[in-house]
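Presented below is the structure to which this report refers.
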Amino acid sequence: MARIRDMWQTWRKHRARRESLAEGLLENFPGVVMLTDAYGVILRINPGCEQHSGHPAEALLGRRITCLDVDPLHGDISHALAHCVARRQPWQGVLLCRRADGRLSHQDAVFQPLAAGTGEGLRLLVTLHDVTELRQRALHDHTLLERLQGTLSRLPGVVFQLRQDARGGLDFLYFSDGLRTLADLSSHSVMDHADALLERVHSEDREALEASLAQSAVSLEPWVLEFRIDTPGGLRWLEGRASPTRRGDGTTLWDGLLLCITSRKQEEQHTQRLVSTDMLTGVLNRRAFFDFGEAVRAHAARQGRSVPLAMLDLDHFKRINDAYGHSVGDLALQAFAMTCRDCLRPYDIFARLGGEEFVVMLVDTAPEDAWNVLDRLRAAVEAIELDVADTRLRITVSLGQAVLPPEGSLDLALSQADQALYRAKHEGRNRLAVSPGYPRVGENECQ
């Protein structure tokens with residue numbers, strides 16, 4: 001009997017503690033807690049409900065919960081109640097409720113059906129938590145975000161965030177909406193698959209793009225690069241600028257901007273053509289020749305190759321100007337330049353150094369093969385016929401050939417070619433002469 005009495009007392013104490021805990025939770029819940037029947041009639045409510053709903057607890061007991069709704073007959077509370085009763089499943093969502101003073105509030109609500117005992121009807125446990133302030137902040141943030149998105153979409157470029165993982169893989173975490181205008185791609189497609197954009201980078205620029213990103217990732221210096229992409233509308237130039245940061249997991253993030261600089265590059269190219277082109281003949285001018293010539297020399301030196309070159313001078317050009325006037329002299333120079341350009345490959349360098357003096361560099365041509373190329377050019381010039389007044393004017397050219405060795409000087413090679421040109425003039429003009437030590441393949445036959 002003593003044991004039974006002890007068990008009974010223990011159970012009573014345990015039940016008292018549970019009831020005390022339940023009462024404490026009910027009184028201190030930061031919102032509204034209600035027990036309703038299947039019709040939504042409020043059977044019990046926590047004492048602190050007035051603070052959160054504006055309605056005194058005694059004023060709500062016995063009333064339907066729908067009295068809190070902005071539309072008591074057809075509002076969201078009625079739908080939530082019907083859902084719970086019909087499906088015997090919880091319902092959760094945000095409800096628009098009206099406080100006792102008429103102000104509206106947004107309540108995060110949970111309708112929880114409770115298991116009914118034998119002979120008991122369905123009961124619902126309803127909790128309401130005021131989220132009006134949170135919702136207002138969310139709406140404010142949403143408005144700011146929409147405004148920011150609108151501003152970004154109107155920028156003359158695209159804002160992006162690029163991530164490189166520890167293994168070197170690249171993916172875009174963000175792209176603003178202007179990407180469609182910039183590259184004819186949707187932002188979502190590029191964020192889903194970075195290759196949608198990266199594979200459009202022009203083949204000649206991909207290595208530079210990869211190298212510049214790798215260097216920026218190691219040094220954490222800003223990334224800056226001009227590169228081309230292929231689009232359905234044609235080739236476009238982009239300028240990328242971004243600042244890198246290293247994260248604790250080893251990934252690198254770049255926050256940056258892509259700008260379309262196609263118009264600028266076209267203007268630059270146009271300006272470069274004006275600066276580097278001889279206005280009369282349309283070929284490279286003296287300044288451009290030395291710029292391109294040095295690039296060819298450096299490239300050939302890295303490969304251990306020699307570059308053949310030649311100085312060209314129109315024969316008796318002063319006589320043409322004196323006899324027919326400078327306009328005919330200009331016409332002769334234009335016809336000569338066009339003929340030479342047609343005889344050469346697109347990547348050979350042909351320039352006017354001044355007056356009737358020209359120069360040519362034969363790119364990727366062996367010195368022993370250059371003689372035949374240049375003599376064909378001489379013969380083509382000899383075949384030019386210009387109709388001037390009532391006469392037919394013919395012109396010829398003399399050439400001096402030299403070679404630029406891998407470690408040689410462009411100025412020295414030009415000086416040697418000029419000496420060979422002087423010899424060609426001295427030996428009768430309309431001929432090709434070579435500098436000392438130059439391969440003389442075919443010279444005797446051509447002369």
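The alpha carbon gyration tensor of the chain gives principal lengths a ≥ b ≥ c with a/c of 1.5 or higher and a/b greater than b/c, which makes the shape prolate.
Estimated from helices alone, the mean residue ellipticity of the chain at 222 nm is -13500 deg cm²/dmol (sum of -39500 (n - 2.57) over DSSP H runs with n ≥ 4, per residue). Helix 206-219 and the longest principal axis of the Cα set of the chain meet at an angle near 60°.
Just want the ordering: L414, L374, from fewest to most Cβ atoms lying within 10 Å of their own Cβ. Working shown, then result.
Details: L414 22, L374 27.
Neighbour counts put them in this order, fewest first: L414, L374.
In degrees, nearest 10, range 0 to 90: what is the angle between the Cα axis of helix 410-426 and the longest Cα principal axis of the chain? Taking the Cα atoms of the chain, the angle to 410-426 is about 30 degrees.
Note on the chain: antiparallel DSSP beta bridges, both residues inside, total approximately 95 percent of the bridges counted.
Tell me, how many Å apart are the Cα centres for the stretch 209-265 and for the stretch 319-342? The two parts, judged by their Cα centres, are 49 Å apart. Measuring spread by the Cα atoms of the stretch 177-305 yields a radius of gyration and Dmax of 18.8, 62 Å. Helix 76-87 and the longest principal axis of the Cα set of the chain meet at an angle near 80°.
Most exposed first by the Cβ proxy, i.e. fewest other Cβ within 10 Å, how do R378, R302 rank? List each step's numbers first, then the result.
Working: R378 22, R302 9.
Lowest count first: R302, R378.
Coordinate-derived values only; no laboratory data. It should be emphasised that the depicted structure is a prediction, and the values quoted were computed from it without experimental measurement. Cβ atoms come from the backbone with ideal geometry, glycine included; neighbour counts cover every protein chain shown.
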